[in-house]
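The values are calculated or read from the model by the stated rules, or taken from the named source; none is laboratory data. Since this is a predicted model, take the numbers as computed values, not measurements. Note: ideal-geometry Cβ built from the backbone for every residue, glycine included; neighbour counts use all protein chains shown.
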Amino acid sequence: MRKLTYLLPILFVALIALLSSIFIVDEREKALVLQFGQIKSVKEDPGLAFKIPLIQEVVRYDDRILSLDTPPTEVTPSDDRRLVVDAFARYRIADVVQFRQAVGVGGLRAAEDRLEGILNAQIRAVLGSEGVTSNTILSSDRSTLMSRITDQARARSLPLGLDVIDVRLKQTNLPAQNLDATFARMRAEREREAADEIARGEEAAQRVRAQADRTVVELVSEARRESEITRGEADALRNAIFAEAFGADPDFFEFYRSLAAYEKSLKGENSTMVITPDSEFFEFLKGDGLD
């Protein structure tokens, strides 16, 4: 009974020590076994692992692909049109030993702060390089620029034990102070184009009006010419008829001419004429003008 009394505490302590020495490595993580801050072993395979209780500790790191959103970064392409770029990166911890040595106890937060600085620097370097304009950034060449940023960021993050898988530009906007100037320039360009269109329309309208006026003048002139010809032909025919009639009966023709003169002279209220009594004008009104 006395032996059992001493054995139970020993077994209890041994059980606690055994349980404290066992830890589980999840399939989504990697683990480092540290002894007084020094790396003793790396556990990358999922399953059970062991450590020395109280002396060694386990530090776990996520083995999945992680994402990092960078704050908006202002860049100046070669055409000096400033842009605000919003990007994000996907990365993973490739070497946990190198990662621990690089960031120490700061862990993932310290690593992301340093990775953010690398990304911002490479975004400015690539988008501000020679030959890269704002139009290039907004065109189909954008994918090539993102690949360049990814390659350069990966090369500079390897000493941190990180592998940058991809860098993407989410948004590319103009700075707020440039929006008004840009909108004003766009408005001026649209107004200039509208003025050009209006001027071309006025010019075309003037040509159409001038052609129409010319056509009207030509048609009127042609009509007048034809009417004058017709009138002249009619007058000639009338004169020929008058001449023929005058030749056939000169006395009747003279009588007809006198009646036409009377009709024109004695029209309306104009029935009074002052002439000499022996005037030939009223010869046919005397009663003996015709036989």
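Structure data summary
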quantity	calculated
Filter result for Ser140 (assigned to a loop (DSSP other than H, G, I, E, B) and more than 30 Å from Phe36 (Cα to Cα))	yes
Residue match in region 204-211 (condition: assigned to a helix (DSSP H, G or I) and either of a type in the set (Asp, Glu) or touching a residue at least 40 places away in the same chain (Cβ under 8 Å) (or both))	no
Index of the failed condition, Gly131 passing every other in (1) modelled with pLDDT under 90; (2) surrounded by 13 or more Cβ atoms within 10 Å (Cβ to Cβ); (3) not β-branched (Val, Ile, Thr)	(2)
Test for Asp141: is it acidic (Asp, Glu) and either surrounded by fewer than 15 Cβ atoms within 10 Å (Cβ to Cβ) or modelled with pLDDT under 90 (or both)	yes
Residue list for region 41-67, filter: surrounded by 14 or more Cβ atoms within 10 Å (Cβ to Cβ) and within 20 Å of Gly104 (Cα to Cα)	Ser41, Val42, Lys43, Gln56, Glu57, Val58, Val59, Arg60, Tyr61, Asp63, Leu66
Positions within region 82-96 being in a loop (DSSP other than H, G, I, E, B) and either surrounded by 15 or more Cβ atoms within 10 Å (Cβ to Cβ) or of a type in the set (A, V, I, L, M, F, W, C) (or both), in sequence order	Ala94, Asp95
Test for Leu162: is it in contact with a Phe, Trp or Tyr (Cβ under 6 Å, 6 or more places away or on another chain) and assigned by TED's automatic domain parsing to the domain that holds Glu74	yes
Yes/no for Arg109 being in contact with a Gly (Cβ under 9 Å, 6 or more places away or on another chain), part of a helix (DSSP H, G or I) and of a type in the set (Lys, Arg)	no
Candidates Arg185, Arg209, Arg142, Arg148, filtered to the one that is farther than 16 Å from Pro72 by Cα, within 29 Å of the chain's Cα centre (by Cα) and not assigned by TED's automatic domain parsing to the domain that holds Ala94	Arg185
Verdict on Pro77 being in the same structural domain as Ile123 (by TED's automatic domain parsing), in contact (Cβ under 8 Å) with a residue 12 or more places away in the chain, exposed (fewer than 13 other Cβ atoms within 10 Å of the Cβ) and not in a strand (DSSP E or B)	no
Flag if Val132 is β-branched (Val, Ile, Thr) and within 28 Å of Glu29 (Cα to Cα)	no
Top-ranked residue of region 149-201 - restricted to ones that are in a loop (DSSP other than H, G, I, E, B) and modelled with pLDDT under 80, ranked as surrounded by the most Cβ atoms within 10 Å (Cβ to Cβ)	Leu174
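Residue by residue, here is whether (1) touching a helix residue (DSSP H, G or I) at 6+ places or on another chain (Cβ under 8 Å); (2) at pLDDT 75 or above holds:
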{"residue": "Leu4", "(1), (2)": "no, no"}
{"residue": "Leu15", "(1), (2)": "no, no"}
{"residue": "Ser21", "(1), (2)": "no, no"}
{"residue": "Val33", "(1), (2)": "no, yes"}
{"residue": "Tyr61", "(1), (2)": "yes, yes"}
{"residue": "Leu83", "(1), (2)": "yes, yes"}
